[in-house]
1. Take the Cα radius of gyration of chain A and divide it by 2.2 N^0.38 Å, with N its residue count; two decimals is plenty.
2. Enter the Cα centre distance for the pair the stretch B:161-192 and the stretch B:213-278, rounded to the nearest angstrom.
3. Can you list the trypsin sites (Lys or Arg not before Pro) in the stretch B:1-100 that are in a DSSP coil and have 10 or fewer other beta carbons within 10 angstrom?
4. Identify all lysines with a Cα-Cα distance to A:K102 below 26 Å; exclude those on the same chain that are fewer than 8 residues away in sequence.
5. Take the Cα atoms of the stretch B:5-164, find their three principal axes, and give me the spread along each one in whole Å, biggest first.
6. Assuming a viscosity of 0.890 mPa s and a temperature of 25 °C, what translational diffusion coefficient in µm² per second does Stokes-Einstein assign to the stretch B:300-380, Rh being the Kirkwood radius over Cα pairs?
7. Whose amide H sits under 5 Å from the amide H of A:F133, counting only residues 5 or more places off or on another chain, with H placed in the peptide plane?
8. Only Cα pairs under 8 Å and at least 6 apart count here; give the relative contact order of chain B as a rounded whole percent.
Amino acid sequence: MLAEKYADEIQKILSRYPPEWKRSAVMPLLHLAQREYGQVTPPVLAEVGALCGLEPTQVAGVVGFYSLYHDHPAGRRRVQICTDLPCALRGAERFGQELCQKLGVGWDETTADGEFTVEHVMCVGACDKAPVFQIQDETGIHFHESPAPDQPLTVEQALESLNRLKAQ
Amino acid sequence: MDHILLRHRDIPDIHQLDVYLRHGGFEAFRKAVTTLTPAQVIDEVKASGLRGRGGAGFPTGLKWSFLTKGVYPRYVVVNTDESEPGTFKDREIIERNPFQFIEGALICAYAAEANTVYNYIRGEYWDAAAWLDECLAAARARGFIGPNVFGSAYSVEFHNHLGAGAYICGEESALLESIEGKLGQPRLKPPFPADKGLYGKPTVVNNTETLTNVPYILQHGAAAYKQFGTEKSPGRKVFSLSGNVNRPGNYELPLGVTLRELIYTHGGGVPGDKKVKAVMLAGASSSVLAVTDDILDTALDYEAVAAKGAMLGSASVIVLDESVDLAWVALKTTRFFKHESCGKCTPCREGTYWMLNILERVNRGEAVKADVDLLHNVASQIQNKCLCPLGEFSVTPVLSSLKAFRADFDAHAKDAAPKPAPKPAAAKPAAAKSAPAKAAPAPAGD
């Protein structure tokens, strides 16, 4: 249970908002839940709701609205590739397709070992460092970008990063 | 030219508090709290002519002066939710020059007589937000945040609030809803945030870059700030340059720099020396401008860009070279806005769905010319009917592309009047026919 495992962190989160606005804590609490469980299931909705004074259905509404909370299972790590306009102009679509091919999956599919699910993500604010992907997992969200504009991230480099993560 | 916003480019370790302090850090905040009244701070910012850098360009000092008198507590909310395709300036500021941003937000809080700052950072900036948390802790340890700053009666708290992947939360009232633990959907205005903002209290909402200007203004004075830029658009601006350029990235330049200088001098020109076909000056929501010498010589300030029928917005310049197909660009921007529509108002929710539907058909080579007219029709019906700017944004690139580059759309259409039964065998030649156009955007990066 989050309440026991993260008692201090939850107190810290709640202390940032006025006491009568506990519901403001729903987003940070959901980030905590997403990290801990990898998805937000119905029992988790109730758990988070109890912590910030919301009904489970209200929490479900929040989960459905924002892209970084997930109500369905996936691989241990979500590999989220940006293919929006500025990235696409710098080859991100081909990058995404080739990475999928090398991993042996299609978009929104999970590798056979359960490690990675490849997903589209909307612009992540790294347009000058395309191609770019982010990893969402139990540690949060982390960018993997091209080192420089004239050194675009290659599929091989991306696979190396993924293999390193897998070995951890 | 020394930077005043991207100062880490001149002073590499300025992201460390000690280094920031050695370079005059927090002196402007000290000056404000110990020698100026909130009203005097507002007057100085008004006199500087600083305008909001998040896109709307509203005069910053004026915004601060609008707070409903005599109502407390008040809040300062910072918009670090930058999510528009093509915009990546605030991230560099919080990662590399965080204390100047923090100082600017604290000065704003003092001027607004607010004791709490919430900084709304998009969830994807997870690592940057964690770093900013560390910076806040360092500033708190030195007494710049907390009770009785500089021994005065003024106390202030500062918290980060992490978003979770919703472009709409960059709209100020949706952002406030989001902090309140609700769906990030825009509010009806009025009341405006200055009257009833966060938790129903008077609230200033400012962009990250806007506030990062403030320490310079307080320290060096409004007159010094006005030496940069133009009369109506004073100051420096961070231009985010992306797309088909050799050196994409952020460039801090005076407002009024020409597009030609930005693309060719700073951006290093276009890969393969291709011609620039079009530019989008304000990210994905831009009015697409066909590029001519006249456009290249346009001064990038709020007024001059508006005179060309476009908006400078947050100055997120996406360069499209001669190989780019505008029907594909419209597909990309529409897919973004359809995904990001919050669903509250019908023209945006339904309209973006239908625009995307038609654009997918066009780009697959399955459309007829009448579909292109239909696209125009649907876009026109969304225009001026939405609750917030997002719906309007979705239409701008589509209608402007149709106006300037209609041929790009028609090139995909098969002219056969009655649509044949959708047999795979019949669909193939059509798809093949459109292949060159569809493949067109790829060469730049691949």
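1. Ratio of Cα Rg to 2.2 N^0.38 Å: 1.15.
2. 29
3. When the trypsin sites (Lys or Arg not before Pro) of the stretch B:1-100 are filtered for loop state and at most 10 Cβ neighbours within 10 Å, B:K69 remain.
4. A:K129, A:K166, B:K332, B:K438
5. 38, 34, 28
6. Here the translational diffusion coefficient equals 170 µm²/s.
7. It is A:H144, by chain and number.
8. Here the relative contact order equals 15 percent.
The values are calculated or read from the model by the stated rules, or taken from the named source; none is laboratory data. What you are looking at is a predicted structure, and each value in this text was computed from that prediction instead of being measured. Please note: Cβ atoms are built from the backbone with ideal geometry, for glycine as well, and neighbour counts cover all protein chains shown. Keep in mind that these areas ignore ligands, DNA and RNA; they rest on the heavy atoms of the full protein, side chains included. Shrake-Rupley method; radii C 1.70, N 1.55, O 1.52, S 1.80 Å.
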